[in-house]
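So the structure is just underneath, and the comments pick up after that.
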Amino acid sequence: MNQILVTKKLYITPELKRKKKIYKIDFIISIFLVCILTSLYIYAEYDRNKSEEASQEILADMSKSMNEDDTVAKDDVLLVVLNGTEEDYNEIEEITNVAAVNKQAEIKTTSNGYQYRSIATIEIPKINVNYPILQGETGSVEETETLLKMSPCKYHGPEPNEKGNFCIVGHNYRNSKFFSKVPTLVSGDTIKITDLTGRTITYVVYDKYTVDPTDTSCTTQLTGGKKEVTIITCTDDSKLRVVVKCKEVK
């Protein structure tokens, strides 16, 4: 029995004690880090859910406003069409109406002081997307970052549903919110843009690719006089940008 005890004591060397102590410290640090990371994840998910709620509140307000006002604003608008067809006149009137209504849309202010308008809605049935499209007053990076936490935003281009390339950006939260599922879209999928005049136009996906974050060639307005929509979001690793090109369904 004494021999066994002596043998055990011989194996517990100072070096072994030091290693055991280091192991305990490392274990405690690991637990601490796991707790911090878990807390950060929970907070991030909470923040995303709050963003989703804010976006849906804006969407509800837009629907209510559009239902209450069935008339299109035409104040302070002068149209002169010489030797034009009825189709030309209607087209110019639509463009003017959209611009006028957007200009008169309610200006709202974020908690940190940035102003914005809700100028349209985007619906993508395949991935259950239905959000308002926001547009800031200044277009600054800080403003855009704030608004993107609330909903997808206009990035570049004409008014919604006009000729040209209407570009929309949205966050990829790697879940089911905002533009997280946009990278799963394929050619033939459809999206719907509804502007503040109540006009809804359906667009079909015809191309999808990734680009470097500094590559803005996808925002070109050379559409041959057609109406197009470009949807932009991040890849899951946030290193590249996913670009989805859509054209009007005739």
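Look at (1) within 17 Å of the chain's Cα centre (by Cα); (2) under 19 Å from LEU240 (Cβ atoms); (3) charged (D, E, K, R) and you find that GLU142 fails only one, number (2). Can you confirm whether THR202 is surrounded by fewer than 19 Cβ atoms within 10 Å (Cβ to Cβ), of a type outside the set (Phe, Trp, Tyr) and touching a residue at least 24 places away in the same chain (Cβ under 8 Å)? Considered against the rule, which asks whether it is surrounded by fewer than 19 Cβ atoms within 10 Å (Cβ to Cβ), of a type outside the set (Phe, Trp, Tyr) and touching a residue at least 24 places away in the same chain (Cβ under 8 Å), THR202 comes out as yes. Scanning the range 139-158 for residues being closer than 20 Å to SER176 by Cα, in contact with a strand residue (DSSP E or B) (Cβ under 9 Å, 6 or more places away or on another chain) and outside any helix (DSSP H, G or I) gives a total of 4. Candidates LYS163, LYS108: the one that is surrounded by fewer than 22 Cβ atoms within 10 Å (Cβ to Cβ), among the basic types (Lys, Arg) and either farther than 29 Å from VAL186 by Cβ or not assigned by TED's automatic domain parsing to the domain that holds ILE193 (or both) is LYS108.
Cβ-Cβ contacts under 6 Å between residues 6 or more apart (or on different chains), taken from a first residue in the range 207-236 that is in a strand (DSSP E or B) to a second residue that is among the hydroxyl-bearing types (Ser, Thr, Tyr), are listed as VAL229/TYR203.
Of all residues in the range 239-248, exactly one satisfies the criterion of being surrounded by 12 or more Cβ atoms within 10 Å (Cβ to Cβ) and assigned to a loop (DSSP other than H, G, I, E, B), namely LEU240.
Just name the residue that is farthest from the chain's Cα centre (by Cα) out of those in the range 164-190 that are at pLDDT below 95 and among the basic types (Lys, Arg). Going through the qualifying residues, I end up with ARG174.
The values are calculated or read from the model by the stated rules, or taken from the named source; none is laboratory data. Worth saying up front: this structure is predicted, and the values here are computed from it rather than measured. Here Cβ is always computed from backbone atoms with ideal geometry, including for glycine, and neighbour counts include all displayed protein chains.
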